[in-house]
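A.B. asks: Here's a structure for you.
The values are calculated or read from the model by the stated rules, or taken from the named source; none is laboratory data. Quick caveat: nothing in here was measured; it's all calculated off a predicted structure. Cβ: placed from backbone, ideal geometry, glycine included. Neighbour counts: every protein chain shown. Only protein heavy atoms, including side chains, enter the accessible area calculation; ligands, DNA and RNA are left aside. Shrake-Rupley method; radii C 1.70, N 1.55, O 1.52, S 1.80 Å.
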Amino acid sequence: MPRTDTHQLLRRLPGVDHLMDKAHEDERFSAVPRQLIIRSIRTVLDHLRSRILDGQNPDFDDTTLLSEMARQCRQTLAPRLVPLINATGVVLHTNLGRSLLCEKALSNIQTIAGSYSNLELNLSTGKRGLRYSIVESLICELTGAQAAMAVNNNAGAVLLALNTLAQGTDVVVSRGELVEIGGSFRVPDVMTKSGCRLKEVGTTNRTHLKDYAGAITESTGMLLKVHASNYRIQGFTASVGLTDLVTLGGTHGIPVMEDLGSGTLVDFSAFGFPTEPPVSRSVAAGVDIVTFSGDKLLGGPQAGIIVGRKQAVDQIKANPLTRALRIDKLTLAALEATLQVYRDEATAIRDIPTLRMLTLTYEDTCQKADTLYKHVKKACGSGDVIECADMESRPGGGSFPDLKLPTRCVTLIPADMSVATLERRMRLSTPGVIARIENNRYIMDPRTIQPGQEPLISSTLETILKTS
Ligand SMILES: *Cc1c(COP(=O)(O)O)cnc(C)c1O
């Protein structure tokens, strides 16, 4: 294109002020901060300018420019962290935020967050208090421990406990327990970061008490047990029980620590689940320090809970690293409220979403599937194939690795689009629906769909299926 034409085209571009005036008259911009509108004007004009300089002759007028500006502003203002519907059936879904909080925890966050509180004030003395004391007696009551504290997360709890009790020493661990828990948490790496030396004993499948005993030297500072929370070694296996390990540690005056991972306060064996030992069992076995997560099987907020002997917990509280890993007040508010619910086990199972979803029976899921089926049916056309099918849900989040929960799902094969397209569009809707594809069917597991979400799913489905 000749230079003069380029110049003419560039001169046709509207000015920033002109577009700003237009935006002021336009309802779509009424809640948009001025700076954002200006940024969108600049972006739109820059884009046009570079197309013109590229030799193109772009078509534009105020209407198209304002629409593009409005789209950009909407996108910029949209929140990035958004609620989703979990139709995967995976209760502790790490990517979807693990545990949902119970009502009491939610309302306590609301109460504490908007108010001053006694976070670090001892109300009886009027002097400075410790945030750790807020949940300490409650955790002790529920686990039988002498002392307790809560930090940011369980990985932090493990790091802190190792660093406090065993820095510069050998920590003896079974080879079968050198686990990786998704992402970047690997027991050997955490140990190195905490300043301990890893002393592996036994083999992947079998470790005996004599292996631990044989590894103990002057430099040994701790015996560590890591609960195999996200996998199982099956077949020809042997591991050393906590009681034996505690006796061995006692003989040599070496502390014993257990990283339980999930850590539960209820006994799931009543529900026929394979043994996930309750925290109280480890405490009763005499372990010096037990660590576990707040948002796995406990069903509370992200937190790391440390329980054990008073002397060991007091040492951890005094570690300067504790400050870097401390629990925040919102989490503390949620944790205290959640723990209070545990004072009555039946109430905990009814009111704590994680426990409620895990303990749903197959019959419960059939009822929920029935409701979901009716809603989905309404959204579908005559060519779409909807069925109910018996399947299995997984607890997830590195808990109960062998456990598959029988569940009744609703499956869908859309007539006018691929299952992959349906999955993507459901995921990108508002609210997004996360489900899985199996054997080229779109599968919704009602176990993790919350009460009242069925109409949302059906209206989203209807929109997507209609505009295929
Ligand atoms: C999940 C897990 C952790 C990490 O806990 P977070 O709360 O995610 O930090 C540590 N150890 C074990 C055995 C786990 O299962």
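A.B. asks: Looking for something open to solvent by 40 Å² or more (accessible area, probe 1.4 Å), of a type outside the set (Asp, Glu), within 30 Å of the chain's Cα centre (by Cα) and at pLDDT 95 or above - is there at least one such residue anywhere in the range 211-220?
C.D. replies: Taking every residue of the range 211-220 in turn, none turns out to be open to solvent by 40 Å² or more (accessible area, probe 1.4 Å), of a type outside the set (Asp, Glu), within 30 Å of the chain's Cα centre (by Cα) and at pLDDT 95 or above.
A.B. asks: A further question on this structure: Listed residues Thr251, Thr237, Thr264; which is touching a residue at least 60 places away in the same chain (Cβ under 8 Å), at negative phi and polar (S, T, N, Q)?
C.D. replies: Thr237
A.B. asks: How many of the residues making up the range 306-327 are closer than 26 Å to Gly250 by Cβ, of a type in the set (Val, Ile, Thr) and in contact with a Leu (Cβ under 8 Å, 6 or more places away or on another chain)?
C.D. replies: 2
A.B. asks: Shifting gears a bit: Quick one: count up the residues across the range 260-287 that are outside any loop (DSSP other than H, G, I, E, B), under 19 Å from Leu335 (Cβ atoms) and within 16 Å of the ligand (Cβ to nearest atom).
C.D. replies: Total meeting the criteria: 5.
A.B. asks: Within the range 3-13, is there a residue that is among the acidic types (Asp, Glu) and part of a helix (DSSP H, G or I)?
C.D. replies: Yes, the conditions are met somewhere in the range 3-13.
A.B. asks: Give me the residue from the range 134-156 that is more than 15 Å from Arg309 (Cα to Cα) and small (Gly, Ala, Ser) and, out of that set, nearest to the ligand (Cβ to nearest atom).
C.D. replies: Looking at the filtered set, the residue picked out is Ala155.
A.B. asks: Being out of contact with any His (no Cβ under 6 Å at 6 or more places or on another chain), open to solvent by 10 Å² or more (accessible area, probe 1.4 Å), of a type outside the set (Ser, Thr, Tyr) and closer than 22 Å to Lys404 by Cβ is the requirement here; does Phe273 meet it?
C.D. replies: When the stated conditions are applied, Phe273 passes them.
A.B. asks: Within the range 225-232, does at least one residue satisfy the condition of being modelled with pLDDT under 90, open to solvent by 30 Å² or more (accessible area, probe 1.4 Å), more than 16 Å from the ligand (Cβ to nearest atom) and basic (Lys, Arg)?
C.D. replies: Looking through the range 225-232, none of the residues is modelled with pLDDT under 90, open to solvent by 30 Å² or more (accessible area, probe 1.4 Å), more than 16 Å from the ligand (Cβ to nearest atom) and basic (Lys, Arg).
A.B. asks: Does Glu387 fit the bill of being outside the structural domain of Ser459 (by TED's automatic domain parsing), at pLDDT 95 or above and either open to solvent by 20 Å² or more (accessible area, probe 1.4 Å) or on the phi > 0 side of the Ramachandran plot (or both)?
C.D. replies: Considered against the rule, which asks whether it is outside the structural domain of Ser459 (by TED's automatic domain parsing), at pLDDT 95 or above and either open to solvent by 20 Å² or more (accessible area, probe 1.4 Å) or on the phi > 0 side of the Ramachandran plot (or both), Glu387 comes out as no.
A.B. asks: For the range 406-426, enumerate the residues that are closer than 21 Å to Asn95 by Cβ and in contact with a helix residue (DSSP H, G or I) (Cβ under 7 Å, 6 or more places away or on another chain).
C.D. replies: Across the range 406-426, the qualifying residues are Thr407, Cys409, Leu422, Arg425, Met426.
A.B. asks: If a residue has to be among the polar types (S, T, N, Q), in contact with a strand residue (DSSP E or B) (Cβ under 6 Å, 6 or more places away or on another chain) and not in a loop (DSSP other than H, G, I, E, B) to count, how many in the range 411-459 make the cut?
C.D. replies: Result for the range 411-459: 2.
A.B. asks: Also: I need a count of the residues in the range 164-182 that are more than 10 Å from the ligand (Cβ to nearest atom), surrounded by fewer than 21 Cβ atoms within 10 Å (Cβ to Cβ) and of a type outside the set (Val, Ile, Thr).
C.D. replies: Counting residues in the range 164-182 that are more than 10 Å from the ligand (Cβ to nearest atom), surrounded by fewer than 21 Cβ atoms within 10 Å (Cβ to Cβ) and of a type outside the set (Val, Ile, Thr) gives 5.
A.B. asks: Right, something else. Search the range 107-135 for residues being surrounded by 15 or more Cβ atoms within 10 Å (Cβ to Cβ) and either in contact with a Cys (Cβ under 6 Å, 6 or more places away or on another chain) or under 28 Å from Arg356 (Cα atoms) (or both), and hand back the single one that is modelled with the lowest pLDDT.
C.D. replies: The extreme case among them is Ile134.
A.B. asks: Using beta carbons and a limit of 8 Å, which pairs, at least six apart or on different chains, have the first residue in the range 30-56 and part of a helix (DSSP H, G or I) and the second one acidic (Asp, Glu) and surrounded by 13 or more Cβ atoms within 10 Å (Cβ to Cβ)?
C.D. replies: As it stands, the answer is Ser40/Glu68; Val44/Glu68, since those pairs meet every condition given.
A.B. asks: Quick check: is even one residue across the range 205-224 of a type outside the set (Lys, Arg), under 28 Å from Asp295 (Cα atoms) and in contact with a helix residue (DSSP H, G or I) (Cβ under 7 Å, 6 or more places away or on another chain)?
C.D. replies: Looking for residues that are of a type outside the set (Lys, Arg), under 28 Å from Asp295 (Cα atoms) and in contact with a helix residue (DSSP H, G or I) (Cβ under 7 Å, 6 or more places away or on another chain), one finds at least one in the range 205-224, hence yes.
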